[in-house]
1. List the helices (runs of 4 or more DSSP H) inside segment B:1-72, counting only whole elements, that have at least 2 residues being surrounded by 24 or more Cβ atoms within 10 Å (Cβ to Cβ) and touching a helix residue (DSSP H, G or I) at 6+ places or on another chain (Cβ under 6 Å).
2. Do the conditions hold for residue A:326, that is, is it surrounded by 11 or more Cβ atoms within 10 Å (Cβ to Cβ) and more than 27 Å from the chain's Cα centre (by Cα)?
3. Which of (1) under 21 Å from residue B:311 (Cα atoms); (2) surrounded by fewer than 22 Cβ atoms within 10 Å (Cβ to Cβ) does residue B:275 not meet, given it meets every other one?
4. Enumerate the pairs (first residue in segment B:183-196 and under 25 Å from residue B:250 (Cβ atoms); second residue anywhere and assigned to a loop (DSSP other than H, G, I, E, B)) with beta-carbon separation below 7 Å, excluding pairs fewer than 6 apart on the same chain, so at least 6 apart or on different chains.
5. Return the only residue of B:134, B:127 being more than 9 Å from chain A (Cβ to nearest Cβ), closer than 25 Å to residue B:311 by Cβ and either without any contact (Cβ under 8 Å) to a residue 60 or more places away in the chain or in contact with a helix residue (DSSP H, G or I) (Cβ under 7 Å, 6 or more places away or on another chain) (or both).
6. Quick one: in segment A:127-153, which of the residues that are closer than 17 Å to residue A:86 by Cα and under 13 Å from the mean Cα position of the chain (by Cα) is farthest from the other protein chains (Cβ to nearest Cβ)?
7. Could you tell me which residue of segment A:314-329 is farthest from residue A:351 (Cα to Cα), considering only residues that are in contact with a helix residue (DSSP H, G or I) (Cβ under 7 Å, 6 or more places away or on another chain) and within 14 Å of another protein chain (Cβ to nearest Cβ)?
8. With respect to residue B:28, determine if the residue is away from chain A (no Cβ under 11 Å), within 19 Å of residue A:145 (Cα to Cα) and in contact (Cβ under 8 Å) with a residue 12 or more places away in the chain.
C-alpha cells in the first residue's frame, strides 16, 4: 500500500488594524493617506445611526421587524467600497451598510422594513438585488448574474453577502460549486457574526473555518478580520479584480460579531451572556478605525461631533420622509404580479378595490 | 410540414426560440452532448454552441436559482429538470424568488424564465420519475403553469412560455412524448397562455383535464359517441392563469362535468375547477361534478401504475353517473 498527499490547502487570514486601531505593518495603497479613509468611517457611522433609528422606529411601532448590523458595519462598508459602480450586489437581510454605500437610500430601506415593496425599487443601483430573506437562497442568483456578465464578456463582478448560518445550506454550496466549475466572476462574502439567531458558530459547523468551504468548490477561500474595514476592503477588492479579469470566484469569511439581537423580534439574552457581548465591544469596527484616524491626526473631536450630527440629520430626514409616505393603493399587489394582469385575476383585483382596507 | 412527436416538437420550439432570440439559453443536467435524458435538447449544443446550451453540475436548486439571476439580467433561460420528482427542490427558488421578483421590486427586476420538466406516470419509470405535481406549482402566485397534450400544442405553448415576460413552469407528460406523431407547423407561431383548447365538441357532457389523461378523455368520448352521447373535451393546458370562461361556457351547454387528472384527488387542481363549477357555474349544473383522478396515494411503481392512472373506463363510469341525474 502507498499513501500520498494528493492535495494540500491553507486558509490565509488578513488584518491591518489591531483591535485598538494600531496598524500592523504597511497599509494597502488606498489607505496610505489616512484622510482617504474618512469616507469609510462616515459610511460606518451612517449605517450605525441608521440601525439605531430603525430599531427606535420599530420599538415605537412605526417600523416592522428589523435586523440591525451593529458591530458589522466594516463588513458592509469595506465590501461595498471595493465594488465598482457597475458591479452587482446580491445582499442578505443584514447588509444595509453595503446597500447605503451603493446608493440605496435610507428612505428606501425604511420603506422596505416598514412594509412597502417600493423600498426594493432602488432608484440608485438598478441591477442590485433586493435583500434575500430565505437564508442562502440568493447565492444561486448571484451565480446567475455572474454567468450573465461572463456570457456578455463584461469586465464586471458580483458580490453576494451571506451570514455564517448560510454556509450550512445546500444552495450556498450548489452555487459555490457551480461558480467554481464555470469560473464565474463572483465573490461570496460571509459575514460571520458568530450567531445564527441562537445557534453559535461552534454549533453551525465542525469545520475549523467557514472559508475552507471554498476548497471543495475549487475556489480560493480566505478569512479576513471583519471588524477591520481596511482589510475587508482590500481582500474583497482583490477578489473582485480577480473575478472581473477572468480569474473566477472566491469565498471570503469576515470574522465579526453580532452586537445586537438577531432582529428586533429576538431577545439574545435567552441564549448568550451579556458578558460575552461586552467583550466584543472591544475591537468593534467604528471605534477601531476612529482610533487609527485619531492616532494619525486625521480625525478630531469636532470632526466626530459634526459627523454624528450630519449622519443623524440625514437619517432623521429620511425617517420623516418614510413616515410621510402614504401606502400604495390596494391594487398595487395585482399590478406588479405579471407584466400584464391575466384576465383571470381581474375580478379579484376589483374585489380588492371594492373591499378597501379590509377594516370592514 | 414535418411529422413530429411531442418531444420532437419541444425540440423544434427550443431551436426556433434560440434562433429567433439570442437571449434564449438552455441549461440543465445532460442537456448538452447527451441532448437531455428524453432528447428534448438533441442537437442544440452542436447548433448553438456551449455558450447557449449549458450542461450544469447536478444541482437542481442552483439550476433554478441561476435562471433567476440570468433572467434578471435580461437573458431568457430555459432550464430542464430531468424528472418532476427532482423538480420539487426548485420550489424554494420558484416560490420565494422567481414568481415574486417582479412584484417585490415593483417591476425593477423581472424573471422571464421557463422551467421545463417531464411529468406523469405510464412509462414504467423508476421511483420518483412518475409524479404529477402540478398542484404544487399552481398555488404559487406570479407563476404560470402550462402542460401541453399534443405535439403542436407543445410547440406553440413552449414558444409562448419562452417569450412570456414572466416565469413559467412547463410540464411535459412523459407518456405523450412519443405516443403520437402528427404534422406540425414549425413556423414560430405561439399559442395563447391563457386559453383552454376544446379538443372535441359535444352537447351532453363536458370532460375537462390536461396532460397525459387527455388521451383517455378522447378515447372515452369516442366510445360515448358510439352510444350516441356527445362529450365536449377540454384540454385546460394553461392551468395558471385558468381559463374558467371556456369551461363554464361548455358546462352552461352540457350541464354535466367530469374533471380528469393524474395527480391525487385531494387538493388537486381539479378541485379549483370544481369550485368554479360550484360557484359561478352552479346554476348550469344538472348533476354533481365528478372527478376522475389519481388516488390519494403515492404513485405506485410500474407494476401497479395502470391501476393508479385514470382510465377511459373510469371516465366512462363517471360520465354515466352524471348522466343518471335527471
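1. Details: elements: B:6-20, B:44-48, B:60-72.
Because the criterion is at least 2 residues that are surrounded by 24 or more Cβ atoms within 10 Å (Cβ to Cβ) and touching a helix residue (DSSP H, G or I) at 6+ places or on another chain (Cβ under 6 Å), the helices (runs of 4 or more DSSP H) in segment B:1-72 that meet it are B:6-20, B:60-72.
2. Numbers: surrounded by 11 or more Cβ atoms within 10 Å (Cβ to Cβ): no; more than 27 Å from the chain's Cα centre (by Cα): yes.
In short, no.
3. Condition (1) is where residue B:275 drops out.
4. That search, which allows pairs on different chains as well, returns B:193/B:164; B:194/A:342; B:194/B:241; B:194/B:243; B:195/B:243; B:196/B:236; B:196/B:237; B:196/B:243.
5. Working: B:127 fails: either without any contact (Cβ under 8 Å) to a residue 60 or more places away in the chain or in contact with a helix residue (DSSP H, G or I) (Cβ under 7 Å, 6 or more places away or on another chain) (or both).
Result: B:134 is the single residue among B:134, B:127 that is more than 9 Å from chain A (Cβ to nearest Cβ), closer than 25 Å to residue B:311 by Cβ and either without any contact (Cβ under 8 Å) to a residue 60 or more places away in the chain or in contact with a helix residue (DSSP H, G or I) (Cβ under 7 Å, 6 or more places away or on another chain) (or both).
6. A:128
7. Filtering segment A:314-329 for residues that are in contact with a helix residue (DSSP H, G or I) (Cβ under 7 Å, 6 or more places away or on another chain) and within 14 Å of another protein chain (Cβ to nearest Cβ), the one farthest from residue A:351 (Cα to Cα) comes out as A:325.
8. Working: away from chain A (no Cβ under 11 Å): yes; within 19 Å of residue A:145 (Cα to Cα): yes; in contact (Cβ under 8 Å) with a residue 12 or more places away in the chain: yes.
The answer is yes for residue B:28.
Every number here is computed from the coordinates shown, using simple stated rules; none is lab data. Since the structure is predicted, the reported quantities are computational estimates derived from the model, not experimental observations. As a convention, Cβ positions derive from the backbone with ideal geometry for all residues, glycine included, and neighbour counts pool all protein chains shown.
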